[in-house]
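Taking it in order: structure first as structure tokens, then the write-up.
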Amino acid sequence: MFAVKLENYLKELVDGKRNKLLDKLILLILNFLEQVYKLLLFFRKILYSSGLIKKTKLEPVLISIGNITAGGTGKTPVVKYLAGGLNNKGINTAVVSRGYGSETEGPLLVSDGCIETASYEEAGDEALMLSRLMEGFPVAIGKKRAAAGRLVQERFKPDLILLDDAFQHWQLARDIDIVVIDGLNPFANRHLLPRGYLREPLTALNRGDIFIITRADLIAESQLQKIKEEISQYNKTPLIYTAVYKSVYLRFLDIAGKSSVEPIVSHTARKILAFSGLGNPASFYQTLNKNGFNVAEMIEYPDHYRYQEDDFDYIGRKASEEGIKLVLTTEKDAVKFKDKMISSLKLQGISLAVLGIELEINNGADLLDKLAVQVGSV
């Protein structure tokens, strides 16, 4: 649990919740590192914009779905939404991701659209989740995404490749950049890594072609308008859409990859324990509360956390202490669970379920029409 404590400490530090002398000294170091990071970003931008480092161009149209902050903004549901919507318009689509947490350099095919061809250890949690959520679409990973792109280009001949989390990936030329912004925490504390959560200065928003503000239903209209106005300060011609997440089912997990789906309404009155390893765990718990779940216990793990059997012993013990018989988590976490972990809860009479979420983009048909036209014209 040391990693959890360290991450929580750093979050509290950069969020201004730690004010002792040692905390202030560490913050000074982070301030210095922030400036070093900013300088490195500046030189990197010059190298690519001047052509000293060439970008790779692939044959299919490339659309990047990324963000400007570290942590979860809801990119994966956007990728799923766009892939499904554009596929319905006859656009053959594949997905390429970095494969965060993967043990392989890549390129690696995670799924051919029908069969999962890589393990969690090989693919990483996000890529494996993508492949399971996006049945029918090839998914490949690679730290060099150009190589992963060539893999799907040669094998599947797609019209379009969706690049998951690639707004900062300058090595691969793309035709459209979609930037996903979390309405609950749009620009974090406005500091760059490691002093804050920004991956780039806000001026980088000028590279975006389309912006999607997620969790728009969880903020006031005045807050939403402020986010739009700030985007417009840096980008004079932004296309801005808003999106909401709809919790549509609970998927109860069993061993050997088996599961069963039940409507949420059947279980909202039950007392639950919730746990996750996300970049933005607050959004998960807020979604649970919005759906009326009685969340008696919450456990947070670091983003991309690799669960061990000891973690499930702890989860089971905490649930039993509170008399809880239902434990909820996320799709991203569930791909990392082994049968022994699920069985340890079942033996205690505790059910483990995933909260199933679907994205709804306001005026999404217009977005899909615009993208389809651009894909056809590139």
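The values are calculated or read from the model by the stated rules, or taken from the named source; none is laboratory data. Treat the numbers as computed from the prediction; the structure is a model and nothing was measured. So basically every Cβ, Gly included, is an ideal-geometry build from the backbone, and we count neighbours across all protein chains shown. Heads up: the accessible areas ignore ligands, DNA and RNA and are worked out on the full protein's heavy atoms, side chains in. Shrake-Rupley method; radii C 1.70, N 1.55, O 1.52, S 1.80 Å.
A few notes on this one:
- In region 249-258, the count of residues that are hydroxyl-bearing (Ser, Thr, Tyr) and free of Cβ contacts under 8 Å to residues at least 24 places away in the same chain is zero.
- Long-range neighbours under 6 Å by Cβ, at least six apart or interchain, first residue hydrophobic (A, V, I, L, M, F, W, C) within region 185-201, second open to solvent by 50 Å² or more (accessible area, probe 1.4 Å) and outside any loop (DSSP other than H, G, I, E, B): 192/37; 192/38; 193/37
Conditions tested, residue by residue: (1) touching a residue at least 60 places away in the same chain (Cβ under 8 Å); (2) closer than 21 Å to residue 279 by Cα; (3) among the polar types (S, T, N, Q).
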{"site": "8", "(1), (2), (3)": "yes, yes, yes"}
{"site": "11", "(1), (2), (3)": "no, yes, no"}
{"site": "17", "(1), (2), (3)": "no, yes, no"}
{"site": "22", "(1), (2), (3)": "no, no, no"}
{"site": "50", "(1), (2), (3)": "no, no, yes"}
{"site": "55", "(1), (2), (3)": "yes, no, no"}
{"site": "59", "(1), (2), (3)": "yes, no, no"}
{"site": "63", "(1), (2), (3)": "yes, no, no"}
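- Among the residues of this structure, residue 103 counts as one that is in contact with a helix residue (DSSP H, G or I) (Cβ under 8 Å, 6 or more places away or on another chain) and more than 25 Å from residue 84 (Cβ to Cβ).
- Test result for residue 12, surrounded by 12 or more Cβ atoms within 10 Å (Cβ to Cβ), closer than 22 Å to residue 204 by Cβ and either modelled with pLDDT under 95 or under 27 Å from the mean Cα position of the chain (by Cα) (or both): no
- Count of residues meeting criterion [open to solvent by 10 Å² or more (accessible area, probe 1.4 Å), under 14 Å from residue 275 (Cα atoms) and touching a residue at least 24 places away in the same chain (Cβ under 8 Å)] in region 312-324: 2
- All positions within region 57-78 that are open to solvent by less than 40 Å² (accessible area, probe 1.4 Å) and more than 30 Å from residue 245 (Cβ to Cβ): 58
- Residue in region 228-242 that is surrounded by the fewest Cβ atoms within 10 Å (Cβ to Cβ), counting only those that are among the charged types (D, E, K, R) and assigned to a helix (DSSP H, G or I): 229
- Any hit, region 349-367, residues being of a type outside the set (S, T, N, Q), more than 30 Å from residue 60 (Cα to Cα) and open to solvent by 10 Å² or more (accessible area, probe 1.4 Å): yes
- So residue 332, is it part of a loop (DSSP other than H, G, I, E, B), modelled with pLDDT under 95 and under 18 Å from the mean Cα position of the chain (by Cα): no
- Test: residue in region 301-310 that is in a strand (DSSP E or B), open to solvent by 70 Å² or more (accessible area, probe 1.4 Å) and basic (Lys, Arg): no
- Residue satisfying all of: in region 282-300; free of Cβ contacts under 8 Å to residues at least 40 places away in the same chain and assigned to a helix (DSSP H, G or I); most open to solvent (accessible area, probe 1.4 Å) among these: 289
- Identity of the residue in region 18-49, among the charged types (D, E, K, R) and out of contact with any helix residue (DSSP H, G or I) (no Cβ under 8 Å at 6 or more places or on another chain), that ends up least open to solvent (accessible area, probe 1.4 Å): 34
- Selection within region 77-94: residues that are under 14 Å from the mean Cα position of the chain (by Cα) and of a type outside the set (D, E, K, R). The member of this set that is nearest to residue 330 (Cα to Cα) is 77.
- Filtered by the rule that a residue be at pLDDT 95 or above and not hydroxyl-bearing (Ser, Thr, Tyr), region 91-106 gives 91, 92, 94, 95, 96.
- Of the residues making up region 208-227, those that are open to solvent by 60 Å² or more (accessible area, probe 1.4 Å) and assigned to a helix (DSSP H, G or I) are 217, 221, 222, 223, 225, 226.
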